[in-house]
Amino acid sequence: MKNQKIKNNPVMNNDEFDFTNPHALRQKAEELLKQKHGETPKQPPASDVKKLLHELQVHQIELEMQNEELRQAYETAETALRNYTMLYDLSPLGYLTLASDGTILELNFTAADMLGERRFSMVGSNFILFIAEDSKPVFNDFIRDIFVSHTKESCSVMLGHNLTPLIQVYMEGIVTGDDNKCLLSVVDISSFT
């Protein structure tokens with residue numbers, strides 16, 4: 001639609017005009033301005049120029065202040081993320097996030113060590129695969145109760161699969177609000193039994 005207006009404009013009637021050339025575009029705009037306002041455009045009074053300059057300077061300072069505030073917020077967020085990552089990843093407790101069907105969505109290094117696998121290779125696996133056969137009924141009741149009651153539940157089960165040695169763990173879990181994911185903490189209690 002803009003192109004139609006330009007083509008109908010007698011000054012811009014040249015279909016071969018190069019709109020990507022900034023110099024030619026500026027020159028054409030100057031010609032249009034002369035035609036629109038007569039010979040030469042009126043110069044604004046000095047007071048208007050001073051007001052405009054003042055507004056631009058104030059706006060520049062506002063932008064610099066906002067930029068500094070954003071930089072500080074970014075640094076604060078980076079520090080919080082670093083602290084959270086250390087707390088989650090390097091905790092002596094195993095932490096996992098499970099979907100309602102038991103799929104592992106996230107886990108920390110301690111949980112991966114307890115399960116005897118590499119951390120990132122376990123994401124997407126079902127946690128039930130790492131529960132010993134004798135403990136599967138207990139775990140199934142535990143996970144069902146968490147998603148039904150939406151209250152904190154706990155249980156003790158044996159972990160183990162394939163050639164991984166069995167260890168007894170104490171687990172606590174709770175379902176998050178809207179996400180409907182289970183946050184699970186796992187503690188190795190083998191040495192206490």
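The values are calculated or read from the model by the stated rules, or taken from the named source; none is laboratory data. A quick note: this is a predicted structure, and the numbers were derived from the prediction, not measured. Reconstructed Cβ throughout: ideal geometry from the backbone, glycine too, with neighbour counts over all protein chains shown.
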Fill in: Count of the range 156-165 residues which are of a type outside the set (S, T, N, Q) and in a loop (DSSP other than H, G, I, E, B)
4
Worksheet item: How many residues are over 28 Å from N180 (Cα atoms) and either exposed (fewer than 10 other Cβ atoms within 10 Å of the Cβ) or hydrophobic (A, V, I, L, M, F, W, C) (or both) when one looks only at the range 73-88?
Response: 1
Worksheet item: Does F120 count as under 18 Å from S190 (Cβ atoms) and in a helix (DSSP H, G or I)?
Response: no
Worksheet item: Residue check: is E55 in a helix (DSSP H, G or I) and modelled with pLDDT under 90?
Response: yes
Worksheet entry | Qualifying position, being small (G, A, S), modelled with pLDDT of 95 or more and surrounded by 11 or more Cβ atoms within 10 Å (Cβ to Cβ), among S91, S185, S125, S135 | S185
Worksheet entry | Test set (1) modelled with pLDDT of 80 or more; (2) surrounded by 10 or more Cβ atoms within 10 Å (Cβ to Cβ) - I6 fails condition number | (1)
Discussion item. Pull out all pairs, ordered by first then second residue, where Cβ-Cβ is under 9 Å, the residues are six or more apart or on different chains, the first lies in the range 140-165 and is free of Cβ contacts under 8 Å to residues at least 12 places away in the same chain, and the second is of a type in the set (K, R) and part of a loop (DSSP other than H, G, I, E, B).
Written reply: none
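Results for (1) more than 24 Å from the chain's Cα centre (by Cα); (2) under 21 Å from I174 (Cβ atoms); (3) of a type in the set (F, W, Y); (4) outside any helix (DSSP H, G or I), shown as yes or no for each residue.
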{"residue": "R26", "(1), (2), (3), (4)": "yes, no, no, no"}
{"residue": "P44", "(1), (2), (3), (4)": "yes, no, no, yes"}
{"residue": "E62", "(1), (2), (3), (4)": "yes, no, no, no"}
{"residue": "M65", "(1), (2), (3), (4)": "yes, no, no, no"}
{"residue": "S91", "(1), (2), (3), (4)": "no, yes, no, yes"}
Worksheet item: Can we say L115 is closer than 18 Å to V186 by Cβ, in contact with a Cys (Cβ under 7 Å, 6 or more places away or on another chain), surrounded by 16 or more Cβ atoms within 10 Å (Cβ to Cβ) and in contact (Cβ under 8 Å) with a residue 24 or more places away in the chain?
Response: no
Item to complete: Would you check which residues across the range 166-185 are within 17 Å of E106 (Cβ to Cβ) and either in a strand (DSSP E or B) or touching a residue at least 12 places away in the same chain (Cβ under 8 Å) (or both) and list them?
Response: M171, E172, G173, I174, V175, N180, K181, C182, L183, L184, S185
